[in-house]
Amino acid sequence: MFLRSLAAPLTDIRGIGPALAPRFARLGIHSAAGLLCHYPRDWEDRSRRVPISDFHRGRVCTEVTVIAHDWIGFGRMRALKVHVEDKSGRAALLCFNRPWMEKQLVSGRRYRLWGRFFYKYREIQSSSFEIEPVIPGEIAGFGRILPVYPLSAGLTQAMLRRFVSRALEQYAQNLEDELPAEIIERDGLLPKAAALKAVHFPASTPELELAKKTLIYEELFYLEIMVCRRAIARKKSAALPSVSPARSSGPDGAFSPPQKRLLERLPFSLTQGQKAAVADINRDMAHTDAPPMARLLQGDVGSGKTLVSFLAVLRAVEDRGQAAIMAPTELLARQHAENAARLLEPLGLSIAFLTGNIKAAGRKELLRSLSLGEIDIVVGTHALFSKDVHYKNLTLVVIDEQHRFGVTQRSLIMAKGSRPHLLMMSATPIPRTLALTVFGDMDVSVIRDLPPGRKPVKTHLAKESSEGRVYDFVRRELAAGRQAYFVYPLIEGGVEADLKDAVSMAERLAREVFPSFSAALIHSKLDEEKKRLTMDRFRSGEIKILVATSVVEVGVDVPNAGCMVIEHAERFGLSALHQLRGRVGRGGDQSYCFLVYSDELTGDGKARLKVMLENQDGFVIAEEDLKLRGPGQIAGIEQSGYLDLGIANPVRDAGELARARTDAFAILEADPDLLLPQVRVIARVLEEAPPFGEVAL
Ligand code: ADP
Ligand code: MG
């Protein structure tokens, strides 16, 4: 019996009735299999005795005798205190809100005790402990390594341990292996049943390690099977019915005449990275009998991805096709729309801008033109895939800052066309290790170079107490005609008194610090019209200082801005800091970034700022971010819907991942139609995520 057929309802497990089942549902556990795959988040070693006198060495784990009870405090604060002793010494157990323990813990009887103890009020005490009677012959929770599970309300560790152990009893002997036998043998892994038993209730630390190794490999193997299947499906998929006929001119990657016309109008030439990316894209779109493009364009902030996407658009609209360019914020979408109007309209293309804020009348007209094919290019936000939006012939979807969008949103916009090409762009570089996993079925182009003449941004760290010197520096830059951003973690103060916020700092900077330069405020709570006006005035140079929250984080491009001051920098994640710093250094002049940190900085905050100080390369910063935070936290990964892994961590287990990938591809390449019946519970979660470039509705 495969784990999958363990879809038996949870209530089949002895002791779990209709009352308990909903509590498990809150943890995402709906079946016996789900319970068995609810892996511990940690393990407590209670196999080794730690007597009371050794309380400072770790958790006490010992057998005690109850010697006395007494009560401390008054009224509602009254609490039971139980005195116990083992051979090494005495301790006091504080039983807050547990008065019934007076009857449970009987003087003179023996108990097993486990918990963290402190020396306080001249005794060794604990208020968080577990205790259970010594019943001869029963091992219970002591003398072994115990699992510690993620919990939700109404469930305790003891309950989970009990029910998992029952589920193992009821089902484990029927489990067959899910990994191919050759792999289990080759790597010396455990059989599935043994691995499951051992991950929940290991007999020893080496057994636990082997169980983890087995289950981690299994997860990664099935993850790669999914990715590989998707890649094969995409390659096999039918021709693009909407683009026709086959293009004849030149080699695949060559620039088309409209693309050349755009390039001639530019005051600069493409970088090597941009050229290579456009050639990749042209090749993807050259053949009508090939599957549609599904390409991820990675390039650091400022590497010129927008222009590459415009060139892709020119290709896609050649034969009466339409292109949609989607960006996560209205600010950014508007900037793209303006650039598209400036660069593409002169080539005879019609461009529309669509967001949720476009008012009724204009919107109706716009939607009509779009559905009639009178609009070639539409730029916008999530509004691009609203129900009432119809395209005549959508042939290309460009998703900028793709990590800001979820899997579902991607498939909704793709569903607006009939197998359109897909170009996703990201300036939050996804480290190679993860890119393989998350976008394993996509082609990737990477722009590694920046446009020439850019000078690396000079980064400085400054303590909050010496911010005056930062202000002086910025004042000199402003006097020299440049512009500056000031970024704060909060819009308005109030919650945390000692935290600077954008609203009050905008006041202070304008009045006290830089009275002779114009400043303006921008944050997410302002209405779009106000934001737009402010951005326009900043771009035109009328406003010299833009005080902001992280709304300026993505995409905003004002080359004359040369100073970026981020206050309470320790409050921002590494990728946000990198994005923010990427707002400057876009022109030819030297730019500066000041990371101002609070006077008391934690170790973690220090580590992050140090990474920023020492690195400019977004790829390196993203790798560092992963090391510091783990993959679940990385922007773009948690949204991807692909990394719903129970025990594996593709970064920590990078070696395993690579091997699993090789194995999975070898197996599927030998037999692409192989339907591994044992697609696991976890794998099923993954499979629900629709493949890129494909519509699953
Ligand atoms: P990102 O990759 O972060 O989206 P943008 O597309 O916003 O970067 O480009 C940043 C700036 O660089 C824009 O002002 C753009 O006009 C300019 N740019 C793009 N390509 C080149 C190039 N080849 N040479 C010089 N400047 C360029
Ligand atoms: Mg961009």
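I want to confirm something. Restricting to region 296-339 and keeping residues that are over 13 Å from A427 (Cβ atoms) and among the polar types (S, T, N, Q), which single residue is surrounded by the fewest Cβ atoms within 10 Å (Cβ to Cβ)? Taking the candidates together, the pick is N339. Checking every residue in region 516-528 against the condition of being small (G, A, S) and farther than 24 Å from G585 by Cβ gives at least one match. For region 542-562, the candidate set comprises residues that are modelled with pLDDT of 80 or more and under 29 Å from the mean Cα position of the chain (by Cα); within that set, the residue that is farthest from ligand 2 (Cβ to nearest atom) is V547. Restricting attention to region 294-345, the residues being under 20 Å from Q409 (Cα atoms), near ligand 2 (Cβ under 10 Å from one of its atoms) and part of a helix (DSSP H, G or I) number 3. The single condition among (1) part of a helix (DSSP H, G or I); (2) more than 16 Å from ligand 2 (Cβ to nearest atom); (3) aromatic (F, W, Y) that F268 does not satisfy is (1). Scanning region 561-612 for residues that are part of a helix (DSSP H, G or I) and in contact with a Pro (Cβ under 8 Å, 6 or more places away or on another chain) yields one hit, R571. Residue pairs whose Cβ atoms lie under 8 Å apart, sitting 6 or more positions apart in sequence or on different chains, and linking a residue in region 395-414 that is over 25 Å from L580 (Cα atoms) to a partner that is among the small types (G, A, S) and in a helix (DSSP H, G or I), are T395/A316; L396/A312; L396/A316.
Restricted to region 273-295, and to residues there that are within 16 Å of ligand 1 (Cβ to nearest atom) and basic (K, R), the residue that is surrounded by the fewest Cβ atoms within 10 Å (Cβ to Cβ) is K275. Only residues that are free of Cβ contacts under 8 Å to residues at least 40 places away in the same chain and of a type in the set (V, I, T) were counted in region 155-183, giving 1. Each residue in region 501-541 was checked for being of a type outside the set (S, T, N, Q) and under 22 Å from A333 (Cα atoms), and 19 of them qualify. The selection criterion, being β-branched (V, I, T) and either more than 16 Å from ligand 2 (Cβ to nearest atom) or surrounded by fewer than 16 Cβ atoms within 10 Å (Cβ to Cβ) (or both), holds for I351.
When we screen G406, G417, G362 for residues that are within 34 Å of the chain's Cα centre (by Cα), at pLDDT below 95 and surrounded by fewer than 19 Cβ atoms within 10 Å (Cβ to Cβ), the only hit is G406. The single condition among (1) more than 21 Å from D501 (Cα to Cα); (2) within 16 Å of ligand 2 (Cβ to nearest atom); (3) among the polar types (S, T, N, Q) that Q579 does not satisfy is (1). Among the residues examined, G373 qualifies as at positive phi and either in the same structural domain as V313 (by TED's automatic domain parsing) or within 16 Å of ligand 1 (Cβ to nearest atom) (or both). Counting only strands (runs of 3 or more DSSP E) that fall entirely inside region 1-119 and contain at least 1 residues that are crowded, with 17+ Cβ neighbours inside 10 Å and either touching a residue at least 60 places away in the same chain (Cβ under 8 Å) or acidic (D, E) (or both), the qualifying elements are 42-45, 60-72, 79-86, 110-115. Take H382 and decide whether it is modelled with pLDDT of 95 or more and touching a helix residue (DSSP H, G or I) at 6+ places or on another chain (Cβ under 9 Å). Judged against the criteria, H382 is not a match. Yes or no: region 583-596 includes at least one residue that is surrounded by fewer than 23 Cβ atoms within 10 Å (Cβ to Cβ), in the same structural domain as F517 (by TED's automatic domain parsing) and within 24 Å of the chain's Cα centre (by Cα). No, because not a single residue in region 583-596 is surrounded by fewer than 23 Cβ atoms within 10 Å (Cβ to Cβ), in the same structural domain as F517 (by TED's automatic domain parsing) and within 24 Å of the chain's Cα centre (by Cα).
The values are calculated or read from the model by the stated rules, or taken from the named source; none is laboratory data. Being a predicted model, the structure only gives us computed values, none of them experimental. Please note: Cβ atoms are built from the backbone with ideal geometry, for glycine as well, and neighbour counts cover all protein chains shown.
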